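Take a look at the structure below.
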Amino acid sequence: MKTEIKTLIKNAYLVANSQIFSIKGTISKIGRKLENDFVIQESMISRFHAEIHIDDGKYILIDKKSTGGTYLNNSRIERSFLTSGDTIRLANTPILFLVESNDMDVKTGANTETLKSEQKEKTAGNEKTKPYRNKLK
């Protein structure tokens, strides 16, 4: 009897321009064109800038001969393995790569009231704690 070993692939995300992209599938395409999985509307990003491949549970960043370059932790790359916390830069756009760990609490589908009640629970008994508010002047 043949035993099949499957590699557990954890959820991975890209954080760019205040947006979170969930990486799904074995190849995720990134670029300016709408045909990409992750569309980033920045003029310096190529139409088909880069790809992230999942191979044997490892994430690989591949530059697709972009004009502005693909950088990983400030080094220009053509192909490189990714680890959680890496900073990707496509042309001038920084992107954070994260892989969900067993210690991460990922909130999906939570409504505003749920988040407010959780914030109250965390700050109960500490009257000096106030939520951060971004004030534009």
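Using C-alpha pairs under 8 Å with a sequence gap of at least 6, the mean separation divided by the residue count of the stretch 1-95 gives a relative contact order of 20 percent. Here the Karplus curve 6.51 cos²θ - 1.76 cosθ + 1.60, taken at θ = phi - 60°, turns the phi angles of the stretch 58-69 into couplings of 10, 9, 10, 9, 10, 6, 9, 6, 6, 6, x, x Hz, with x standing for Gly and Pro. Of E42, E51, E78, E35, the residue with the largest accessible area leads and the full order is E78, E35, E42, E51 (1.4 Å probe). Among the protein heavy atoms of the stretch 19-84, carbon and sulfur supply 47% of the accessible surface, probe 1.4 Å, non-protein parts ignored. When the C-alpha to C-alpha distance is required to be over 21 Å, the pairs from K29/K64; K24/K58; K24/K64; K29/K58; K10/K33 that qualify are K10/K33.
Seen from E51, the other residues with C-beta closer than 12 Å to its C-beta sum to a net charge of 0, counting Lys and Arg as +1 and Asp and Glu as -1.
The values are calculated or read from the model by the stated rules, or taken from the named source; none is laboratory data. In this text, all values refer to a predicted model and were calculated from it rather than measured experimentally. Please note: Cβ atoms are built from the backbone with ideal geometry, for glycine as well, and neighbour counts cover all protein chains shown. Ligands, DNA and RNA are stripped out before the accessible areas are found, and what is left, the full protein with its side chains, is counted by its heavy atoms. Shrake-Rupley method; radii C 1.70, N 1.55, O 1.52, S 1.80 Å.
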